[in-house]
Amino acid sequence: MVDPGRETKYTESDVIAVFRDRSDYAEPLTASEVAEELGCSRRTALNRLHDLQDETDVTSKKVGGRSRVWWIPVRMDG
C-alpha cells in the first residue's frame, strides 16, 4: 500500500505508453492529459515529460502564455 501523501513512481516507459497506446499517435498531449491517463498529479507527469525530452524523442512546444503540448515525432521513411 502506498503511504498517504506519496505518489506511485511512474517510469518513462509508462509515459511513452500513453503516447503509443492512442489511435492518433501524432496528436500532441498536455501534461494534464498525460497525468489523467496515468492517474498521477500534473506535476509528476510534467517531471517525467521533462526527463523524456532530455533523454528521448519526446518533443514539446509552448502554446499560449503558460501552456505546453508534448508529442513523439512521427518519422517518415523515404
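Among R66, R42, R20, the largest mean-square fluctuation in a Gaussian network model of the chain (Cα springs under 10 Å) belongs to R66.
Taking Rh as the Kirkwood radius, which is the inverse of the mean 1/r over Cα pairs, what is the Rg/Rh value for the chain? Each step should come with its number before you reach the end.
Numbers: Rg = 13.2 Å, Rh = 13.2 Å.
Taking Rh as the inverse mean 1/r over Cα pairs, Rg/Rh reads 1.00.
Full extension of the chain segment joining S32 with R66 gains 11.0 nm, where the gain is 0.36 nm per residue of separation less the Cα-Cα distance.
How do the peptides 49-59, 28-38 rank, highest first, by the average count of neighbouring beta carbon atoms within 10 Å per residue?
Details: 49-59: 14.4, 28-38: 18.0.
So the order, starting with the most tightly packed, is 28-38, 49-59.
With 0.36 nm allotted per residue and the present C-alpha distance subtracted, the E55-R20 stretch has 10.9 nm of extension available.
Bear in mind these aren't lab numbers, they're just calculated from the coordinates by the rules spelled out. Treat the numbers as computed from the prediction; the structure is a model and nothing was measured. Methodologically, a virtual Cβ is constructed for each residue, glycine included, from the backbone with ideal geometry; neighbour enumeration extends over all protein chains shown.
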